[in-house]
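One structure is given here, and the rest of the page talks about it.
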Amino acid sequence: MISIREDLKRLVDDEVNHCLDDVIGFRHQCHQFPERTWQEVDTAKRVAAALAKIDGIEIQEGVGKLGVVGILKGAKPGSTIGLRGDMDALPIHELTDVPYKSKNEGTMHACGHDGHMANLLGAALVLSRLRQHLHGTVKFIFQPAEEGGAGADRMCDDGVLEEPRVDAIFGMHGWPEAPEGSVWVKDGPILASNTQFKIEIQGTGCHAAMPHLGTDQILVAARMIDSLQSISSRTIAPTEPIALTIAKINAGTAVNVIPNQAILEGTLRTVSEETRDKVLHKMEVMIQGISQAHGVKSSIETKPIYPETKNHSKPTQYLEEVSRQLLGQDKFKNIPHPSMGAEDFSYYLQRVPGCFFFLGLDDGRRGGYPSLHDPTFDFNDRVLSTGIKVFSHLALAFHQYNSF
């Protein structure tokens, strides 16, 4: 058990109120000028410039190519905690009508990374003002390339968790399904692994009016699509989370020609390596069997994107204690099932203990809050104060972490 001092709660609340307008302004600026994966040059400069205005922050730039790290040493000795926020945007045309709408055509912060950056900056502002109460060191990790670029892995390879060594790391994601200002978490797997696949079907094309003179690659593709869906329902236990989705089909150029090739592409999501390997093997067997039955040749190419995001028990319990004491019992939830989304925070968790959690965005609007990756999505400014407080108290109470 840990204890959050009432005087520290008041001090953090005062500091959050003091900086919140600036933090919101920073988010709006980031939202207005989004940059895609591995293109976050101006975003990194904006982050570094904001950190440079904060007393006591040591800044490291170019970590893992475009990452920015702020290091704050407390007035008292202690361990090192890592706090992470991602920086990249998505190739989506924004359809909101907010005054800070994206000025970079075809690119927007549709996953809330602008909110993640603002949340982390706010924590840096608050903790710098409360250094006399801080034990140990805080690393504020602003990471590029979460959206498929594995920026976390690259930052880790570049030593972001070393000198000083991070004892535990925490990250958050704005969550449209969770009530505004709540914290949701799960011990163990909270997000799935992501493995992309591409199936190529090669056969003999022919005139559409004479299908007996060739092989029908589109028919074979349809058979595969139908059959592959049975893997999750008949090969894997109903209690094991899995999502196998074919999301892209490419075949044919004319309505009266059966093409000699068809290509299927999709994603496999699982929360264990054993299940992933079992599914990929079954896919290979099924694809070859269907191909042989229809007289075509097929191949499958797989590409691992991210491993599952698997929370560690000790830091997850610590987050729960902090959140319950800070927000109240009704604002915290242990979720029973993982999301089948994927996150490169998994790479940090492979190297050091840590916890990734969801921060509720749902403001109760009719029709529900826009989902992640939706062109009408916009991070809820009203939850920034909650996110900043959670991050700040995770750092301020970290000297009690080893009590778990």
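What is the dipole size for the chain, taken about its Cα centre, with +1 at each Lys and Arg Cβ and -1 at each Asp and Glu Cβ, in debye to the nearest 20? Intermediate values should be presented prior to the final figure.
Values: 40 positive and 51 negative charges, 96 e Å.
Result for the chain is approximately 460 debye, rounded to the nearest 20.
On the protein heavy atoms, probe 1.4 angstrom, tell me the percent of accessible surface of the range 258-382 carried by carbon and sulfur. Before the final figure, lay out the partial values.
Numbers: 2670 of 5790 Å².
After summing per-atom areas, the C and S share lands at 46 percent.
What distance in nm separates the two pseudo spin-label positions at A222 and D13, each 7 Å out from Cα along the beta-carbon direction?
6.4
Just the number please: accessible area per residue for the chain, 1.4 Å probe, all protein chains included, in Å². Each step should come with its number before you reach the end.
Details: 17300 Å² over 404 residues.
With all protein chains present, the chain gives 43 Å² per residue.
Assuming 0.36 nm per residue, please report the length gained on full extension of the stretch A237 to I263 beyond their Cα-Cα distance. All intermediate terms of the calculation are to be shown ahead of the outcome.
Numbers: separation 26, 0.36 × 26 = 9.36 nm, distance 2.88 nm.
Using 0.36 nm per residue and subtracting the Cα-Cα distance, I get 6.5 nm.
Have a look at the DSSP beta bridges in the chain and tell me what percent are antiparallel, nearest 5.
On the way: 48 of 73 bridges.
Within the chain, antiparallel bridges account for around 65 percent of the total.
Does anyone have the angle between helix 217-234 and the longest principal axis of the chain? Alpha-carbon axes, 0 to 90°, nearest 10?
Roughly 50 degrees between the two axes.
Per-residue accessible area for L120 at 1.4 Å probe radius, Å² rounded to 10?
0
Can you tell me, using C-alpha contacts under 8 Å and at least 6 residues apart, the relative contact order of the range 280-404 as a whole percent?
27
Please get the size of the charge dipole for the range 16-63, origin at its Cα centre, with Cβ charges of +1 on Lys and Arg and -1 on Asp and Glu, quoted in debye to the nearest 20. Mind dumping the intermediate values first?
Numbers: 5 positive and 8 negative charges, 30 e Å.
Result for the range 16-63 is approximately 140 debye, rounded to the nearest 20.
Could you tally the net charge around L72, taking each other residue with its Cβ under 12 Å from the Cβ of L72, Lys/Arg +1 and Asp/Glu -1?
Details: positive: K73, R129, R131, K139; negative: D55, E58.
For residues surrounding L72, the net value is +2.
Calculate how steeply helix 41-52 sits against the longest principal axis of the alpha-carbon atoms of the chain, using the helix alpha-carbon long axis, and give the answer as 0 to 90 degrees to the nearest 10.
Roughly 20 degrees between the two axes.
Going by a ≥ b ≥ c, the root eigenvalues of the Cα gyration tensor, does the range 65-161 fall in the rounded group (a/c under 1.5), the prolate group (a/b larger than b/c) or the oblate group?
Details: a/c = 4.09, a/b = 1.73, b/c = 2.37.
It comes out oblate by the Cα gyration axes.
Straight-line reach only, C-alpha to C-alpha below 12 angstrom: list the aspartates and glutamates that K198 could link to, leaving out same-chain residues fewer than 8 apart.
Candidates past the 8-residue exclusion: E265, E284, E301.
Percentage of Cα-Cα pair distances in the chain greater than 41 Å, rounded to whole percent?
On the way: 18039 of 81406 pairs.
Summing the P(r) of the chain above 41 Å gives 22 percent of all pairs.
How much length is gained on full extension from I59 to E163, taking 0.36 nm per residue of separation minus their Cα-Cα distance? Spell out each step's value before the answer.
Working: separation 104, 0.36 × 104 = 37.44 nm, distance 1.33 nm.
Extending this stretch completely gives an extra 36.1 nm.
Mind checking the full-extension length gain between Q350 and Q132? Use 0.36 nm per residue of separation minus the Cα-Cα distance, one decimal, nm.
So the chain would gain 75.2 nm between Q350 and Q132.
Angle, helix 6-32 long axis vs. longest principal axis of the chain, Cα atoms, 0 to 90°, nearest 10?
50
Tell me whether the range 267-325 comes out rounded, prolate or oblate; compute the Cα gyration tensor, take square roots of the eigenvalues as a ≥ b ≥ c, and use a/c under 1.5 as the rounded threshold.
Prolate is the answer for the range 267-325, as a/c is 1.5 or above and a/b outweighs b/c.
Using a Förster distance of 35 angstrom, determine the FRET efficiency expected from the C-beta separation of Q196 and D21, and round it to 0.05. Working shown, then result.
On the way: r = 42 Å, r/R0 = 1.19.
Calculated value: 0.25.
The values are calculated or read from the model by the stated rules, or taken from the named source; none is laboratory data. Predicted model, so just to flag it, every value in this text is computed and none were measured. Here the Cβ is made from the backbone with ideal geometry for all residues, glycine too, and neighbour counts use every protein chain on show. Heads up: the accessible areas ignore ligands, DNA and RNA and are worked out on the full protein's heavy atoms, side chains in. Shrake-Rupley method; radii C 1.70, N 1.55, O 1.52, S 1.80 Å.
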